[in-house]
Amino acid sequence: MSDSGGHQQAEAERHLIGLLTGAWRTQAVSVAAQLGIADHIAAGHHTAAALAERVGTDRDRLRRLLRLLVSLQVVTGDDVAGYRLTGSGELLRTGVPGSMRDLCDIYGREFYTAWGSARDAIAEGVPGFERAHGRPLGEHLRADEDARSRFQRAMNAGQSFLDEVPARFDFSTAHTVVDVAGGAGPCWPGCCGAVRACAGSCSTCRTCSRWPSRTSRSAAPAGSASSCPATCSSPFRTPGTCTCSPGCCRTGRTRRA
């Protein structure tokens, strides 16, 4: 095998190993979010010993997690100089603008477990979440208030990239845009803005909003709507967090983004 061929194979092997160990990185970040490590570092606890005392974990095991988080560029430093948060680490804090703590939490718990049933889901044609948890996502959220609340907050997190969706998908022939489980529903107004006239809805609370035509839309703020109706039966509903308006979308062709 030539030197170039050997280099290409080594790169291919490293790439594949990187894909296979992605689950480890997911769990490391998710566990850090679940333990609230970022909050404690921000509060001034910078060593493994201090953090372990705050979160109630084994010090040596936590030090290993912190070393992995350093390699993932979530934190910087070491146990001598102390650990500090990177920009990504800041997003694991609770209540900060753009916080993704709940998103990291649910991706490492309910969603992670669902992906563990991917093979059976593909073979049997059953949703992975239902296969793993024994019931559909909607039923799971109805039965578990904590999961429902975390899910809603997670869907409201990490949405800074949604402004790019209209530029990356052709909505020119769409009449209706449905944002499935879209949190507070910031995505579909922008998607509707890509076409002349469009009805949109956020199925977080199974109510719809009629979005105005391009000529009148500039006067309406994106996502402007009332709070989720008290009569809403959606499993995704969290009072006071859904911003879908009452009403009904007009009949039309629907395309998935």
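The values are calculated or read from the model by the stated rules, or taken from the named source; none is laboratory data. For clarity, every value in this text was computed on a predicted model and none was experimentally measured. Because the Cβ atoms are built from the backbone with ideal geometry, glycine has one as well, and the counts that use them run over all protein chains shown.
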Taking only region 149-171 into account, find how many residues are in a helix (DSSP H, G or I) and in contact with a Pro (Cβ under 7 Å, 6 or more places away or on another chain). 1
Residue check for ALA114: hydrophobic (A, V, I, L, M, F, W, C) and in contact with a Pro (Cβ under 9 Å, 6 or more places away or on another chain): yes
Just wondering, is there one or more residues in region 105-118 that are in contact with a Leu (Cβ under 6 Å, 6 or more places away or on another chain) and closer than 27 Å to THR21 by Cβ? no
Restricting region 41-61 to residues that are surrounded by fewer than 19 Cβ atoms within 10 Å (Cβ to Cβ) and in contact with a helix residue (DSSP H, G or I) (Cβ under 6 Å, 6 or more places away or on another chain), the one farthest from ASP105 (Cα to Cα) turns out to be ALA49
Here are some residues: SER71, SER117. Which one is exposed (fewer than 13 other Cβ atoms within 10 Å of the Cβ) and either among the hydroxyl-bearing types (Ser, Thr, Tyr) or at pLDDT 95 or above (or both)? SER71
Of all helices (runs of 4 or more DSSP H) fully inside region 1-116, the set with 2 or more residues that are in the same structural domain as GLU145 (by TED's automatic domain parsing), over 30 Å from ALA132 (Cα atoms) and under 16 Å from the mean Cα position of the chain (by Cα) is none
Flagged pairs (Cβ under 8 angstrom, 6 or more apart or on separate chains; first in region 78-93, at positive phi; second outside any helix (DSSP H, G or I)) are GLY82/HIS46; GLY82/THR47
Considering region 133-148, residues that are small (Gly, Ala, Ser) and within 19 Å of the chain's Cα centre (by Cα), and then whichever is farthest from ASP105 (Cα to Cα), we arrive at GLY138
